[in-house]
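The values are calculated or read from the model by the stated rules, or taken from the named source; none is laboratory data. Please read these numbers as outputs of a predicted model, since none were measured by experiment. Note that each Cβ is placed from the backbone with ideal geometry, even for glycine, and that neighbours are counted across all protein chains shown.
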Amino acid sequence: MILRLARLFRLPLAVMNGIAALGGYCLFPAPRSGVTMLIAAGGVTLLAMGGSALNQVLERDLDALMARTRQRPLPRGEMSPAVASCIACGVSVAGALLLFTSGGLWPALLGLAALVWYLAVYTPLKCRSRLALPLGAVSGALPPMIGWSLAGGEVLDFRIVALAGLFYIWQIPHFWLLQKRHAVDYGRAGIPLSAIRPGLFVLWLVALTATALMLPAFGLIGHYTVSWYVFFPALLLMMVLGRSKGTRLSCLNLFPLLVTMTLLMQR
């Protein structure tokens, strides 16, 4: 049962969202609370788990067509859509309540907005338009804002907008590599594939690196960690451009974690 739930929740992806929220929390210039940090990461992770489960309910027929998704609980008949929906709603409500009781209305609203946007915009568009990626990436840019608002920050502050923009840009080349790896599966399921030219991919990576370097340029990275942080985007770019496709995807997978670690270490 634990393995079924792990596949239903797509735990690595859910935890990645929680890590992004933790990065937003750590960016806020105020004394930190270990409990609140766990709440930021935990609440967003729960919402991401619920979103993943509801997405699988909506796309269960599509998942059955693709080799990488047909082992999920619903296509395998290990769980009914009704049970999956109940579990998904339960963890989503728990995540929203956790954010609300600890940080007030804004963190909970942002969390629910990310969930609704993912399910109501990205999910139905995925099989209809290539715009699904740039529009759907909005939901992936909201977790840092949730952590920031939970720490007491204003959601339109330029500092958190810069970090959210960094996570938004990161999603585009990351998904392109994922799409390229599973192109046959996506084609079989009728999901429109983006025509990714090498030059465009490199351009997005340059934009990602430039945006990452904006954080220390605007003083958002403390002087204790700035030398290491400035080295990191350049190293990441070299690794992504110079290695195999698998290594490229692995490097990009680590990006949110490394950014959050930098923010965590600076104070």
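Highlighted here are the helices (runs of 4 or more DSSP H) found entirely within segment 127-209 that include at least 3 residues which are hydrophobic (A, V, I, L, M, F, W, C) and touching a Gly at 6+ places or on another chain (Cβ under 9 Å): 132-151, 158-181. The residues of segment 32-67 that are of a type in the set (D, E, K, R) and under 29 Å from Leu22 (Cα atoms) amount to a single one, Arg32. Under 20 Å from Glu59 (Cα atoms) and more than 15 Å from the chain's Cα centre (by Cα): does that describe Leu131? Yes. Quick check: anything in segment 209-222 out of contact with any strand residue (DSSP E or B) (no Cβ under 7 Å at 6 or more places or on another chain) and at pLDDT below 70? For segment 209-222, residues out of contact with any strand residue (DSSP E or B) (no Cβ under 7 Å at 6 or more places or on another chain) and at pLDDT below 70: present. If you go through segment 81-123 and pick out every residue that is surrounded by 13 or more Cβ atoms within 10 Å (Cβ to Cβ) and either of a type in the set (A, V, I, L, M, F, W, C) or touching a residue at least 60 places away in the same chain (Cβ under 8 Å) (or both), you end up with 30.
Yes/no matrix, rows are residues, columns are (1) acidic (Asp, Glu); (2) more than 28 Å from Ile221 (Cα to Cα); (3) touching a Phe, Trp or Tyr at 6+ places or on another chain (Cβ under 8 Å); (4) surrounded by 15 or more Cβ atoms within 10 Å (Cβ to Cβ):
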site	(1), (2), (3), (4)
Cys127	no, yes, no, no
Arg130	no, yes, no, no
Leu156	no, no, no, no
Val161	no, no, no, yes
Trp170	no, no, yes, yes
Phe175	no, no, no, yes
Arg181	no, yes, no, yes
Val184	no, yes, no, no
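Taken over segment 54-80, the criterion of being crowded, with 16+ Cβ neighbours inside 10 Å, of a type outside the set (A, V, I, L, M) and in a helix (DSSP H, G or I) is satisfied by Asn55, Gln56, Arg60, Asp63. Applying the set (1) among the β-branched types (Val, Ile, Thr); (2) at pLDDT 95 or above; (3) touching a helix residue (DSSP H, G or I) at 6+ places or on another chain (Cβ under 7 Å) to Thr123 leaves exactly one unmet item: (2).
For Leu220, the conditions (1) farther than 18 Å from Arg128 by Cα; (2) part of a helix (DSSP H, G or I) are fulfilled apart from (2).
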